[in-house]
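Note sheet for the following structure.
The values are calculated or read from the model by the stated rules, or taken from the named source; none is laboratory data. From a predicted model like this one, the values you see are computed outputs, not experimental measurements. FYI the Cβ positions are ideal-geometry reconstructions off the backbone, even for glycines, and counts take in every protein chain you see.
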Ligand code: SF4
């Protein structure tokens, strides 16, 4: 079974393998996934609302003041969490007032929870907007998706809405410092671990020079039946090889049994 959508603005805290206790912030509608990608492995399933422009869906998005109020109430409560994380039913940076909201979340965190960090899980496409790009340095842990080394695999795995190429995404990622990359590795059809594909991916990492890369594979049901899991040992081998070829720290994440 695919994961149910987050119906509310806040969800969790969830126990994240990478962030610890993370209070999720969902800026997308509660009734459907709104995303600029339609990834073959998305645990929320396929979406028909597949766009880089969220304005036609504005009525379904939570108003800024309501989001701010909910985060402030949580920050002032006794709720235990280590991260406030922009994530949820789709791509958070599609939210039209994303940059303004980042400023508000920083203010709330500094006032009530100075020990809490702010994270962003993004598919990288929001970086085409200047105001989103400028807000990234205010986020403690920005984690951007890069799942392919070639345009063909980018289109096959991420199925982007019209108008964005892998080349543009990589150009934007390369212009930022102190970012982290996350990569879903999959085998089967499509695959991003075949020879040639991995080399092209490592070349992009070497160009972007992120602080750290997290690689992982599918660990729950996915909408596209032809995908295969990349086993833990293979993930470790790819991480080791990638570190040698790129000089970038690469960590493999998988369920330890
Ligand atoms: S970017 Fe994230 S939310 Fe959007 S389709 Fe891909 S996995 Fe799903």
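Restricting to region 130-160, count the residues that are more than 28 Å from residue 83 (Cα to Cα), away from the ligand (no atom under 11 Å from the Cβ) and part of a helix (DSSP H, G or I).
Qualifying residue count for the region: 6.
Per-residue answers, yes or no, for (1) surrounded by 14 or more Cβ atoms within 10 Å (Cβ to Cβ); (2) at positive phi; (3) at pLDDT 95 or above:
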residue: 158; (1), (2), (3): yes, no, yes
residue: 176; (1), (2), (3): yes, no, yes
residue: 191; (1), (2), (3): yes, no, yes
residue: 200; (1), (2), (3): yes, no, yes
residue: 207; (1), (2), (3): no, no, yes
residue: 213; (1), (2), (3): yes, no, yes
residue: 220; (1), (2), (3): no, no, no
residue: 225; (1), (2), (3): no, no, no
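Taking the condition modelled with pLDDT of 95 or more and outside any strand (DSSP E or B), does residue 195 pass?
Details: modelled with pLDDT of 95 or more: no; outside any strand (DSSP E or B): yes.
So residue 195 fails the test.
Out of the residues in region 178-189 that are crowded, with 18+ Cβ neighbours inside 10 Å and part of a loop (DSSP other than H, G, I, E, B), which is farthest from the ligand (Cβ to nearest atom)?
Only one residue tops the list, namely 179.
Rundown of residues vs (1) surrounded by fewer than 16 Cβ atoms within 10 Å (Cβ to Cβ); (2) within 19 Å of residue 24 (Cβ to Cβ), yes/no style:
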position	(1), (2)
98	no, yes
105	no, yes
110	yes, no
114	yes, no
123	no, yes
129	no, no
133	no, no
137	yes, no
141	no, yes
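If you scan region 233-257, which residues turn out to be part of a helix (DSSP H, G or I) and over 21 Å from the mean Cα position of the chain (by Cα)?
Taking region 233-257 as the starting set, the residues that turn out to be part of a helix (DSSP H, G or I) are 233-246.
If the condition is that a residue be part of a helix (DSSP H, G or I) and over 21 Å from the mean Cα position of the chain (by Cα), then 233, 234, 236, 237, 240, 241, 243, 244, 245, 246 are the ones that fit.
Which is within 16 Å of the ligand (Cβ to nearest atom) and crowded, with 19+ Cβ neighbours inside 10 Å, of 9, 25? Can you show your working first?
Details: 9 fails: within 16 Å of the ligand (Cβ to nearest atom).
Being within 16 Å of the ligand (Cβ to nearest atom) and crowded, with 19+ Cβ neighbours inside 10 Å holds for just one of 9, 25, which is 25.
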